[in-house]
Amino acid sequence: MKKSIILSIISLFIIAGLSAQPVQEINEDAYLAYTDSREVTISLDSPPDRIVSLSPNISETIFALDGSSLLVGRTDYCNYPEEVTAVPSVGDLMSPSLEKIISLEPDIVLVSTLGQNQTIEAIENAGIKVAYINESQSMEGTYSLIEDVGILIDRTQEASQLIDGMKEEIDKVTERISRFQKKTVYYVAGFGQWGDFTATGDTFLHEMIELAGGINVARDASNWTFSLEELLEQDPQIIILPPTWGATFEQTKDAFISYEAYQSLSAVINDSIYYVDGDILNRQGPRSAHAVNLLSRVIHPEL
């Protein structure tokens with residue numbers, strides 16, 4: 001259900017009456033009432049001055065919307081742009097410090113797809129408002145996420161401008177690649193002895209590959225799962241290989257091509273294995289259009 005903004009007291013009562021979901025305390029004179037992805041309505045008496053973000057893509061979005069001065073807390077994994085690292089950290093994604101969050105006295109905590117129900121419940125029990133923004137894993141969902149963050153931090157105009165710029169960048173990519181033949185692509189999410197995992201047809205990465213002029217060889221698979229037999233049968237022309245945790249791209253590439261099973265792949269034989277920043281690809285947010293642009297230049301180096 002698409003989230004809505006309720007700007008009148010009458011609408012507030014209508015929504016409250018129709019919804020059986022839990023609702024955070026609503027001030028009838030609220031500046032804003034926002035219904036999040038849980039169908040929970042959060043009211044704000046004024047634009048927030050102090051925000052804690054528990055998701056890297058939310059932190060990126062706040063900065064992209066010129067809201068950096070509002071961010072008083074982040075997670076260890078919120079590392080872009082570089083300036084965000086100066087913001088106090090509340091810990092990791094899975095178990096942020098409730099005590100630290102409380103000490104920062106936020107007006108609201110923003111959580112995206114990486115949030116956990118237990119964490120949200122603990123924060124709300126401490127009397128702090130939480131907005132959970134979990135949009136569909138698609139480019140349209142990305143635009144919606146940016147729009148919602150803009151609403152919550154009083155940056156709607158900036159959000160609109162950012163979305164327009166992203167759409168324009170993707171339109172330019174589409175125009176550039178239209179004269180080239182599409183190439184088959186395989187994104188490596190996991191490999192080796194633990195199995196083969198990739199961006200299947202039900203992922204946001206699949207859409208980005210397709211927008212960038214690629215044909216995702218795992219488009220008919222789901223849940224990031226792919227078999228070695230399927231990979232060898234599809235024999236993609238291009239392999240996108242993000243570095244594994246704690247390793248460089250070259251180290252990851254060496255490990256990948258050292259597996260005998262992969263050595264017959266055309267992309268390995270032709271050295272068509274490429275690096276694209278995993279954070280840019282995996283984080284649904286302001287850089288998603290740029291990620292499509294980067295992918296298009298990997299898939300079509302002739303651009």
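Considering every residue within the stretch 170-192, establish whether at least one is part of a helix (DSSP H, G or I), over 30 Å from Leu231 (Cβ atoms) and polar (S, T, N, Q).
No, the stretch 170-192 contains no residue that is part of a helix (DSSP H, G or I), over 30 Å from Leu231 (Cβ atoms) and polar (S, T, N, Q).
What is the residue count in the stretch 246-303 for residues that are over 14 Å from Val173 (Cβ atoms), of a type in the set (Gly, Ala, Ser) and touching a residue at least 40 places away in the same chain (Cβ under 8 Å)?
3
Would you check which residues across the stretch 140-161 are more than 19 Å from Tyr31 (Cα to Cα) and touching a Lys or Arg at 6+ places or on another chain (Cβ under 9 Å) and list them?
Tyr143, Ser144
Which residues, taken from the stretch 193-220, are assigned to a loop (DSSP other than H, G, I, E, B) and either under 21 Å from the mean Cα position of the chain (by Cα) or in contact (Cβ under 8 Å) with a residue 40 or more places away in the chain (or both)?
Ala199, Thr200, Gly201, Asp202, Thr203, Ala212, Gly213, Ala218, Arg219
Mind checking which residues of the stretch 46-74 are surrounded by fewer than 24 Cβ atoms within 10 Å (Cβ to Cβ), among the hydroxyl-bearing types (Ser, Thr, Tyr) and part of a loop (DSSP other than H, G, I, E, B)?
Ser46
Does the stretch 132-155 contain any residue that is under 15 Å from the mean Cα position of the chain (by Cα), over 30 Å from Gly201 (Cα atoms) and among the aromatic types (Phe, Trp, Tyr)?
no
Is one or more of the residues making up the stretch 89-96 over 14 Å from Asp36 (Cβ atoms), touching a helix residue (DSSP H, G or I) at 6+ places or on another chain (Cβ under 6 Å) and assigned by TED's automatic domain parsing to the domain that holds Ile42?
Yes, the stretch 89-96 contains a residue that is over 14 Å from Asp36 (Cβ atoms), touching a helix residue (DSSP H, G or I) at 6+ places or on another chain (Cβ under 6 Å) and assigned by TED's automatic domain parsing to the domain that holds Ile42.
For every residue, the table says whether it meets (1) surrounded by 22 or more Cβ atoms within 10 Å (Cβ to Cβ); (2) of a type in the set (Val, Ile, Thr); (3) not assigned by TED's automatic domain parsing to the domain that holds Ala30.
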{"residue": "Lys182", "(1), (2), (3)": "no, no, yes"}
{"residue": "Gly201", "(1), (2), (3)": "no, no, yes"}
{"residue": "Gly213", "(1), (2), (3)": "yes, no, yes"}
{"residue": "Glu230", "(1), (2), (3)": "no, no, yes"}
{"residue": "Ile238", "(1), (2), (3)": "yes, yes, yes"}
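Restricting attention to the stretch 252-266, does a residue exist that is more than 20 Å from the chain's Cα centre (by Cα), in the same structural domain as Leu295 (by TED's automatic domain parsing) and either under 15 Å from Val298 (Cα atoms) or basic (Lys, Arg) (or both)?
There is at least one residue in the stretch 252-266 that is more than 20 Å from the chain's Cα centre (by Cα), in the same structural domain as Leu295 (by TED's automatic domain parsing) and either under 15 Å from Val298 (Cα atoms) or basic (Lys, Arg) (or both).
Please work out which residue is surrounded by the fewest Cβ atoms within 10 Å (Cβ to Cβ), limiting yourself to the stretch 240-261 and to residues that are within 15 Å of Ala189 (Cβ to Cβ) and of a type in the set (Ser, Thr, Tyr).
Among those that are within 15 Å of Ala189 (Cβ to Cβ) and of a type in the set (Ser, Thr, Tyr), it is Thr244.
Kindly provide the set of residues from the stretch 125-144 that are surrounded by fewer than 16 Cβ atoms within 10 Å (Cβ to Cβ) and in a helix (DSSP H, G or I), ordered by number.
Within the stretch 125-144, Asn125, Glu140 qualify.
Count, please, the residues in the stretch 112-124 that happen to be surrounded by 15 or more Cβ atoms within 10 Å (Cβ to Cβ) and in a helix (DSSP H, G or I).
Matching residues across the stretch 112-124 total 5.
With under 27 Å from Thr61 (Cα atoms) and of a type in the set (Val, Ile, Thr) as the only criterion, which of Thr252, Thr198 stands out?
Thr198
Which of the residues spanning the stretch 78-111 are over 21 Å from Lys129 (Cβ atoms) and surrounded by fewer than 17 Cβ atoms within 10 Å (Cβ to Cβ)?
Of everything in the stretch 78-111, those that are over 21 Å from Lys129 (Cβ atoms) and surrounded by fewer than 17 Cβ atoms within 10 Å (Cβ to Cβ) turn out to be Asn79, Pro81, Glu82, Glu83, Thr85, Ala86, Asp92, Met94.
Within the set of pairs 6+ apart or on separate chains, which have a first residue in the stretch 149-161 that is in contact (Cβ under 8 Å) with a residue 12 or more places away in the chain, a second that is part of a helix (DSSP H, G or I) and β-branched (Val, Ile, Thr), and C-beta atoms under 7 Å apart?
Val149/Ile58; Val149/Thr61; Val149/Ile62; Gly150/Thr156; Ile153/Ile62; Ala159/Ile146; Ala159/Val149
The values are calculated or read from the model by the stated rules, or taken from the named source; none is laboratory data. Worth saying up front: this structure is predicted, and the values here are computed from it rather than measured. Positions of Cβ are generated from backbone atoms using ideal geometry, with glycine treated the same way; all protein chains shown enter the neighbour counts.
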